[in-house]
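What follows is a single structure, written as structure tokens, with notes after it.
The values are calculated or read from the model by the stated rules, or taken from the named source; none is laboratory data. Bear in mind the structure is a predicted one, so any value in this text is a computation, not a measurement. Cβ: placed from backbone, ideal geometry, glycine included. Neighbour counts: every protein chain shown. All accessible areas refer to the heavy atoms of the entire protein, side chains included, with ligands and DNA or RNA removed. Shrake-Rupley method; radii C 1.70, N 1.55, O 1.52, S 1.80 Å.
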Amino acid sequence: MRKVALIGATGSIGRQAIEIIEAHPELELVAAASGSTPIDGLAPLTQVGGDLTELLERARPDVVLNAVVGFAGLPVTLWALEHGVDLALANKESLVAAGDLALAARERGGGLLLPVDSEHSAAMQCLGDHTPEQVHTLVLTASGGPFRGRTREELAEVTPDAALAHPTWNMGPKITIDSATLANKGLELIEAHFLFGLPYDRIEVVVHPTSVVHALVRFRDGSALAHLGYPDMRVPISFALTYPDRAATPVQPLDLASGLTLEFHAPDLETFPLLALAREAGKRGGTYPCAFNAANEVAVAAFLDGRLPFLGIADAVEQTLDEVDGTPARNLGELVAADREARRLTEQRAVAA
Ligand SMILES: NC(=O)c1ccc[n+]([C@@H]2O[C@H](COP(=O)([O-])OP(=O)(O)OC[C@H]3O[C@@H](n4cnc5c(N)ncnc54)[C@H](OP(=O)(O)O)[C@@H]3O)[C@@H](O)[C@H]2O)c1
């Protein structure tokens with residue numbers, strides 16, 4: 001039996017995780033948490049909001065699935081890594097914001113860090129036991145979101161409803177907006193850097209509209225390995241929760257005779273500047289990735305509330321990154337301070353807009 005603690009149980013990932021757990025008798029849901037939605041009876045131990053590490057202390061799980069959205073998931077990520085409890089990580093924002101601190105905690109704790117993001121789950125499988133020197137480049141695919149092919153002018157007036165209509169993935173609102181701006185791929189780029197120890201100039205992003213190839217690794221010998229499958233988050237969730245067993249899921253095998261075509265394009269960095277801003281923040285290091293994430297969270301919330309236009313999200317993030325000093329955080333307190341400062345700067349901008 002594997003005892004699972006599911007944090008963020010009411011969200012898009014959380015609900016799909018419950019389906020996977022219910023289908024596998026060897027997985028036992030021992031604890032569940034949400035931010036504010038009542039979840040009485042969902043698991044033997046439940047908690048709504050507050051310090052979720054208290055729930056983890058009581059539950060003592062074998063694996064934590066962190067499916068919280070945003071920086072709020074950080075204490076859960078750090079608790080699992082520090083305690084050597086396997087971490088199935090959907091909450092990419094925590095690894096982006098706290099990359100160095102999180103890796104140090106994993107080093108001390110010694111547990112597994114299993115990505116649930118489909119691209120990183122795919123990349124982990126393609127990379128296998130290869131060393132970074134054997135890898136030429138890691139390629140992350142992006143669907144391009146609902147506004148692929150549009151110009152900047154065409155995006156000036158888009159509404160939250162239009163941005164929430166994702167072509168291939170059905171996800172929570174924050175990541176859906178991040179997919180429309182390509183900030184999601186920017187977060188994933190930084191996440192991949194920390195997960196796989198590759199420098200940024202060896203991680204490439206390509207637009208692949210059907211989301212069938214999730215990641216591809218080019219090796220130094222000229223070969224490349226790709227991971228394919230229909231876009232369905234139950235696959236990477238199941239992979240992480242049942243690792244290394246690769247248990248069965250209800251997802252259909254890929255039908256190659258159905259006329260499947262694989263199309264790839266370079267991303268349009270001018271129309272979607274958040275991808276380039278994330279790369280820049282990642283390369284600068286220190287608390288720049290933390291500031292990128294914080295500014296983006298605030299700007300996305302302001303867009304969804306009607307306080308910022310769509311193009312204002314990237315403008316707000318860019319200005320915040322220009323203003324913060326990006327000094328590396330030596331501890332959690334300094335990281336939280338960097339996150340707060342970036343939020344404060346971006347909030348001012350959203351109020352003024
Ligand atoms: N959805 C996907 O397909 C997908 C794919 C790859 C990666 N991810 C990543 O997975 C994470 C979750 O995404 P999602 O789409 O599932 O989001 P979502 O549908 O918005 O769900 C978010 C979950 O987080 C909980 N939550 C929010 N604030 C919290 C807080 N302060 N403390 C504790 N719990 C809190 C919510 O609880 P309440 O219901 O109480 O608000 C909810 O259970 C994100 O980091 C996202 O980037 C998602």
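Yes/no per residue for (1) free of Cβ contacts under 8 Å to residues at least 60 places away in the same chain; (2) more than 13 Å from the ligand (Cβ to nearest atom):
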position	(1), (2)
150	no, yes
156	no, yes
179	yes, no
182	no, yes
186	no, no
193	no, yes
202	no, yes
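With respect to being outside any strand (DSSP E or B) and over 17 Å from residue 192 (Cα atoms), residue 16 fits the description. Quickly run through segment 9-38 and pick out the residues that are open to solvent by 10 Å² or more (accessible area, probe 1.4 Å) and within 9 Å of the ligand (Cβ to nearest atom). If the condition is that a residue be open to solvent by 10 Å² or more (accessible area, probe 1.4 Å) and within 9 Å of the ligand (Cβ to nearest atom), then 10, 11, 12, 13, 15, 16, 35, 36, 37, 38 are the ones that fit. Considering only residues in segment 107-131 that are part of a loop (DSSP other than H, G, I, E, B) and among the aliphatic types (A, V, I, L, M), the one that is most open to solvent (accessible area, probe 1.4 Å) turns out to be 112.
If you go through segment 44-86 and keep only what is open to solvent by 10 Å² or more (accessible area, probe 1.4 Å), within 13 Å of the ligand (Cβ to nearest atom) and not in a helix (DSSP H, G or I), you end up with 46, 47, 48, 49, 50, 51, 67, 68, 69.
Here residue 262 passes the criteria (1) part of a helix (DSSP H, G or I); (2) of a type in the set (A, V, I, L, M); (3) surrounded by fewer than 16 Cβ atoms within 10 Å (Cβ to Cβ); (4) touching a residue at least 12 places away in the same chain (Cβ under 8 Å) except the one numbered (1). Considering only residues in segment 19-43 that are outside any strand (DSSP E or B) and hydrophobic (A, V, I, L, M, F, W, C), the one that is nearest to residue 117 (Cα to Cα) turns out to be 20. Inside segment 217-230, residues that are crowded, with 18+ Cβ neighbours inside 10 Å, aliphatic (A, V, I, L, M) and within 22 Å of residue 166 (Cβ to Cβ) make up a count of 0.
Kindly evaluate residue 247 against the criterion of being of a type in the set (Gly, Ala, Ser), assigned to a loop (DSSP other than H, G, I, E, B) and open to solvent by less than 70 Å² (accessible area, probe 1.4 Å). Answer is yes for this residue.
Of the residues making up segment 109-155, those that are out of contact with any helix residue (DSSP H, G or I) (no Cβ under 6 Å at 6 or more places or on another chain) and of a type in the set (Gly, Ala, Ser) are 110, 111, 122, 123, 128, 143, 144, 149. Considering segment 93-106, and only residues there that are free of Cβ contacts under 8 Å to residues at least 40 places away in the same chain and open to solvent by 10 Å² or more (accessible area, probe 1.4 Å), the residue that is farthest from residue 282 (Cα to Cα) turns out to be 106. A single entry from 121, 94 fulfils the requirement of being within 16 Å of the ligand (Cβ to nearest atom), modelled with pLDDT of 95 or more, closer than 23 Å to residue 207 by Cα and not β-branched (Val, Ile, Thr): 121. All of (1) acidic (Asp, Glu); (2) over 23 Å from residue 275 (Cβ atoms); (3) away from the ligand (no atom under 16 Å from the Cβ); (4) assigned to a helix (DSSP H, G or I) hold for residue 100 with one exception: (2). If only residues of segment 164-205 that are among the β-branched types (Val, Ile, Thr) and closer than 20 Å to residue 273 by Cα are counted, the one that is most open to solvent (accessible area, probe 1.4 Å) is 175. Checking each residue in segment 311-348 for being in contact with an Asp or Glu (Cβ under 8 Å, 6 or more places away or on another chain) and in a helix (DSSP H, G or I) picks out 321, 343, 345.
Among residues of segment 39-66 that are on the phi > 0 side of the Ramachandran plot, those with a beta-carbon under 6 Å from a residue that is modelled with pLDDT of 95 or more and of a type in the set (S, T, N, Q) at least six positions away or on a different chain give the pairs 49/36.
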